[in-house]
1. Could you tell me whether the stretch 57-208 comes out rounded, prolate or oblate from its Cα gyration tensor? Rule is a ≥ b ≥ c as square roots of the eigenvalues, rounded for a/c under 1.5, then prolate if a/b exceeds b/c, otherwise oblate.
2. Using a ≥ b ≥ c from the Cα gyration tensor of the stretch 165-233 (square roots of the eigenvalues), is it rounded, prolate or oblate, where a/c under 1.5 gives rounded and otherwise the larger of a/b and b/c decides, a/b for prolate?
3. Modelling each spin label as a point 7 Å along the Cα-to-Cβ direction, I'd like the residue 94/residue 154 distance in nm, to one decimal.
4. Extension gain residue 140-residue 54, at 0.36 nm per residue separation less the Cα-Cα distance, in nm?
5. Of all the accessible heavy-atom surface of the stretch 7-79, with the other protein chains kept in place and a 1.4 Å probe, what percent is carbon and sulfur?
6. Set the Förster radius R0 to 30 Å, insert the Cβ-Cβ distance between residue 33 and residue 133 as r into 1/(1 + (r/R0)^6), and round the FRET efficiency to 0.05.
7. Modelling each spin label as a point 7 Å along the Cα-to-Cβ direction, I'd like the residue 216/residue 200 distance in nm, to one decimal.
Amino acid sequence: MSSGTRSLRGGVRVAVLALLWGSTFLWIELALRGLSPLQVTFIRCVLGALVLTVACYATGRSMPRGVTVWRHIVVAAFFCNALPFALFSLGQQTVDSGLAGVLNSTTPLWSIALGLALGSERGLRPVRLTGLLLGFAGTVIIFAPWETTGAIGWGALAILGAAASYAVAFTYMGRTLVRKGTPTISLSAAQLVAASGLTAVTMPIGGLKPIDPGPVVMVAAVVLGVFCTAITFHLTYRIINDEGATSAAVVGYLLPVVSVLLGVAVLGEHLSVRVVLGMAVVLVGVAMTRRNGAPAEDATDDPAGPGRRLRSRHGALRGT
């Protein structure tokens, strides 16, 4: 395959992923009109698992085998799927979809903070450190704790928790799962199967409430599970393995733009000047954390191995 064809295919993947991923928050918002947060989480995990499992076996692959790999998959499923999916649905009960997308884009900031805490992020360059501080300053502007009427509240905290959970998950996945010989379709299918099981255990807590199965709610749930979970999750794995950090970073920048535009255009969401300013500061901070970091981390002779490269690439992504 020529480099031009690979580049075109990579660009299409990035564009599709940004559109699907960025629209996730819109579909969550619509699904919540008739389903509880846990019901939304369970449906998207089950539908996603079903689609990827069928795709896995249809392509001649099989589920991973071995107690050790499944133990890693269950841990990754909790931090990358079950927990953040639930937190996004809980948070969007009070937070608009556009703002949810921007708060989700703080994942790379949490990734760097986690790396500093674990000692894996050494010699942080000034521009990236400035970006880290600027990104968190943007979240403070959004929350506006100095204004009695300005705070976003617990919903935004839940979404920030989801973004932090993605950071933990990507670090763990980089060390234990990716590029260990298991096909990406098998990993993504198994992870959503595990996430479905984890979510099913929590259903008695708040997932057994009566539902309002209107057409909009059902369509939103199906699109969320099939396109924004199954396809998006697998495309993420493929881009990380095939395209590298630069393409992954582009998705991270496009995602909040898509979520904000869809929120305003489809749901008629209103954004205050303060929140828009906070969004801009967050995105500038995220962009600065990518400065001078990707090239070195993409090197094939990186002594830290694929785990470190995955953490860098995922840091520019999501999460949902």
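1. Numbers: a/c = 2.75, a/b = 1.39, b/c = 1.99.
Oblate shape, in that a/c is at least 1.5 and b/c is the bigger or equal ratio.
2. Details: a/c = 2.73, a/b = 1.78, b/c = 1.54.
Cα axes put the stretch 165-233 in the prolate bin.
3. 0.6
4. Numbers: separation 86, 0.36 × 86 = 30.96 nm, distance 4.36 nm.
That pair, residue 140 and residue 54, stretches by 26.6 nm at full extension.
5. Details: 2320 of 3300 Å².
The nonpolar share, carbon plus sulfur, comes to 70 percent.
6. Plugging the Cβ-Cβ distance into 1/(1 + (r/R0)^6) gives 0.20.
7. Inter-label distance under the simple model: 3.2 nm.
The values are calculated or read from the model by the stated rules, or taken from the named source; none is laboratory data. Owing to the predicted nature of the structure, the values given are computational and were not obtained by experimental measurement. Glycine also receives a Cβ, built like all others from the backbone with ideal geometry; neighbour counts cover every protein chain displayed. Calculation scope for accessible area: heavy atoms of the full protein, side chains included, ligands and nucleic acids excluded. Shrake-Rupley method; radii C 1.70, N 1.55, O 1.52, S 1.80 Å.
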